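Colleague: Sharing a structure below in structure tokens format, with a few things to ask.
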Amino acid sequence: LHPRKAILWFAASCLLRFSLAWRPGDDMAFDLGTMTTNPGDSTFDYASVVSINIFVALLCACIVIGHLLEENRWLNESTTALIIGLCTGAVILFARGGRNYVIMMFSEDLFFIYVLPPIIFNAGFQVKKKQFFRNFMTIMLFGVVGTVISFIIISFGASQVFRIMDLGALEIRDYFAIGAIFSATDSVCTLQVLNQDDTPLLYSLVFGEGVVNDATSVVLFHAIQKFDLVHIDIKVVMKLVVNFFYLFSTSTFLGAFTGLLSAYIIKKLYFGRHSTDREVALMILMAYLSYMLAELLDLSGILTVFFCGIVMSHYTWHNVTQNSRVTTKHAFATLSFIAEVFLFLYVGMDALDIEKWRSVSGSPEKSIRVSVVLLGLVIVGRAAFVFPLSLIANISRNSQNDKLTLKQQVIIWWAGLMRGAVSIALAYNQFSRSGQTHQQGNAFMITSTITVVLFTTVALGLMTKPLLHFFLPPSTRHLTMSLSLDRSSQESFLSQLLSNGQAIEVEAENSMPRPTSLRMLLTTPSRSVHHYWRMFDDAFMRPVFGGRGFVPLVPGSPTERDEPD
């Protein structure tokens, strides 16, 4: 038997055994977000153990299958995990004779408090900061202005169409919530195919816009909950705008402040002289603290933990020992990877909870029409800002190589069509109470959100790799990489690992072409914003908070160095 087929057959047989091992009377749902343990409740303990076993086994299966399908033309890890989640739910329903059973109810607390923070923090921690901030204005243009445009189009379109379709008692706040829910993108499928070394401009734009877009959508969603939208006037609009920018700026400041505080503490107290475990633990806990502080203060935890990751990678990471640098880099990446795989499994298995579909089972045609309308609004809303804002962004770019081509604009548009767990979590927040929907209009919104997420992630996700290979052939994508191989071939693996991408950025900055004529000198700015920031950073920030070149590199704590081989 072929090894791949043997692994798939083994995973399917284990899953079937787990589902058949469930006791007949255990029809309760297991919710990690609200799990409590009763000493005398052995049934609940058994349910917890079986459910956790299923999810751990599925996570292992997703990692193995994702590795085997690495070179597949169609599938990627996120799509694979979602399909496995759907198949798992189908197997359990079949094994239980079609009776409803939910291994795990979708919990907003579980998603926003436990699963999302490591994903967003690692995104900020691993980002190439020079590329990100060089394209910062374009990223903010797409992530903030573009999301607001998409929000307006989806909200207005939904209010006009759904009133004609007579979905039930949907209020004006619900239509605004629909706009915020379906403005939240999920570009994981595209980012898993793109490489930030091969296509740095495209990767930084797709990646940066995805993070800012999620934060903007969540901020918009929470902002519309605080105002009376029945009587909208200029005063309400101004309050909404002011509240939005307040949340945006204070969340960013809180993340930067927490990152700087961690850098200062580790630099001054020098935990590495005793144990590297303490400085690694402090970095992880301070990162999570930034997110929880934002949630406590009703700010955007996504923005806070993202900028905390950027600041920590710029200052704190350089203040720890060499062993801690390697440990934290891989620890954050591993936690983020597991959380992403778990998230898609989570969404796939939750989608087959048949209780959600019973409220709309009497009119399946209407449910399909609602999903099609929402998908159409997503496509139109995305196109309405990507191409016009790309034109504006190109006007502000002097170099022809930095301008966004039509192919790149299509990829940016495509990357933002997929919807994910953020949309589902916001839909549950708006249209359900304790995971249950009692009104038909709310049930239509929940099931349609799940349908759009499944369709865009699976159908569009399957087409992502072929689309990118068509618009960006491998020869084009690897051209920059091949040119830099000769320069980087003499660097050791460890030095590349510890550089965190910054040594490459410095080298790229030094290798930029210089003006060779008076005309080029007049048209090319001799000093960039990044240059002045580096001057300020070296003069004031790094002497206080540490950073690359301002803190000596120590291999490890004395205890670790004295350990026998």
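The values are calculated or read from the model by the stated rules, or taken from the named source; none is laboratory data. Given the structure is predicted, the values throughout are model-derived calculations rather than measurements. Note that each Cβ is placed from the backbone with ideal geometry, even for glycine, and that neighbours are counted across all protein chains shown. Ligands, DNA and RNA are excluded from the accessible area calculation, which covers all protein heavy atoms including side chains. Shrake-Rupley method; radii C 1.70, N 1.55, O 1.52, S 1.80 Å.
Colleague: Testing Leu167 on (1) part of a helix (DSSP H, G or I); (2) out of contact with any Ser or Thr (no Cβ under 6 Å at 6 or more places or on another chain), one condition comes back false. Which one is that?
Modeller: Of the numbered conditions (1) part of a helix (DSSP H, G or I); (2) out of contact with any Ser or Thr (no Cβ under 6 Å at 6 or more places or on another chain), the odd one out for Leu167 is (1).
Colleague: Looking at (1) modelled with pLDDT of 85 or more; (2) touching a helix residue (DSSP H, G or I) at 6+ places or on another chain (Cβ under 8 Å); (3) open to solvent by 30 Å² or more (accessible area, probe 1.4 Å), can you tell me which one Leu191 breaks?
Modeller: (1)
Colleague: If you don't mind, there's one more thing I want to ask. Go through the stretch 254-276 and give me each residue that's open to solvent by 40 Å² or more (accessible area, probe 1.4 Å), over 18 Å from Arg542 (Cα atoms) and free of Cβ contacts under 8 Å to residues at least 60 places away in the same chain.
Modeller: Here is the first cut: in the stretch 254-276, the ones open to solvent by 40 Å² or more (accessible area, probe 1.4 Å) are 257, 261, 264-265, 267-271, 273-274.
Narrowing the set further to residues that are over 18 Å from Arg542 (Cα atoms) leaves 271, 273-274.
Phe271 - this is the single residue of the stretch 254-276 that is open to solvent by 40 Å² or more (accessible area, probe 1.4 Å), over 18 Å from Arg542 (Cα atoms) and free of Cβ contacts under 8 Å to residues at least 60 places away in the same chain.
Colleague: Looking at the stretch 354-384, which of the residues that are farther than 14 Å from Thr449 by Cα and not in a helix (DSSP H, G or I) is least open to solvent (accessible area, probe 1.4 Å)?
Modeller: Here the residue is Ser363.
Colleague: For Asp174, are the conditions met, namely being assigned to a loop (DSSP other than H, G, I, E, B) and either open to solvent by 10 Å² or more (accessible area, probe 1.4 Å) or on the phi > 0 side of the Ramachandran plot (or both)?
Modeller: no
Colleague: Just checking, does the stretch 368-377 include any residue being modelled with pLDDT of 90 or more and within 21 Å of the chain's Cα centre (by Cα)?
Modeller: Yes - at least one qualifying residue is present in the stretch 368-377.
Colleague: Just the residues that are touching a residue at least 24 places away in the same chain (Cβ under 8 Å), closer than 18 Å to Ile265 by Cα and open to solvent by 10 Å² or more (accessible area, probe 1.4 Å), please, taken from the stretch 277-292.
Modeller: If the condition is that a residue be touching a residue at least 24 places away in the same chain (Cβ under 8 Å), closer than 18 Å to Ile265 by Cα and open to solvent by 10 Å² or more (accessible area, probe 1.4 Å), then Val280, Ile284, Met286, Tyr288, Leu289 are the ones that fit.
Colleague: Follow-up. Give me a count of the residues in the stretch 68-96 that are part of a helix (DSSP H, G or I), more than 17 Å from Ser336 (Cα to Cα) and open to solvent by 20 Å² or more (accessible area, probe 1.4 Å).
Modeller: Here the count works out to 10.
Colleague: What number of residues within the stretch 154-171 satisfy the criterion of being in contact with a helix residue (DSSP H, G or I) (Cβ under 8 Å, 6 or more places away or on another chain) and either open to solvent by less than 30 Å² (accessible area, probe 1.4 Å) or of a type in the set (Val, Ile, Thr) (or both)?
Modeller: 9
Colleague: Additional query: Which pairs do you get when a residue that is under 18 Å from Asp233 (Cα atoms), found in the stretch 166-179, comes within reach of a residue that is of a type in the set (Ser, Thr, Tyr), reach meaning Cβ atoms under 7 angstrom, with the pair 6+ apart or on two chains?
Modeller: Correct list of pairs: Tyr175/Ser155; Tyr175/Ser159; Phe176/Ser155.
Colleague: If you don't mind, there's one more thing I want to ask. Checking the structure you have, find out if any residue of the stretch 464-478 is modelled with pLDDT under 85 and open to solvent by less than 10 Å² (accessible area, probe 1.4 Å).
Modeller: yes
Colleague: If we keep just the residues of the stretch 97-121 that are open to solvent by 20 Å² or more (accessible area, probe 1.4 Å) and not in a loop (DSSP other than H, G, I, E, B), which is modelled with the highest pLDDT?
Modeller: The extreme case among them is Pro118.
Colleague: Condition first: in a helix (DSSP H, G or I) and either touching an Asp or Glu at 6+ places or on another chain (Cβ under 8 Å) or modelled with pLDDT under 85 (or both). Now tell me which residues in the stretch 220-240 satisfy that.
Modeller: The answer is His222, Ala223, Ile224, Ile234, Lys235, Val236, Val237, Lys239, Leu240.
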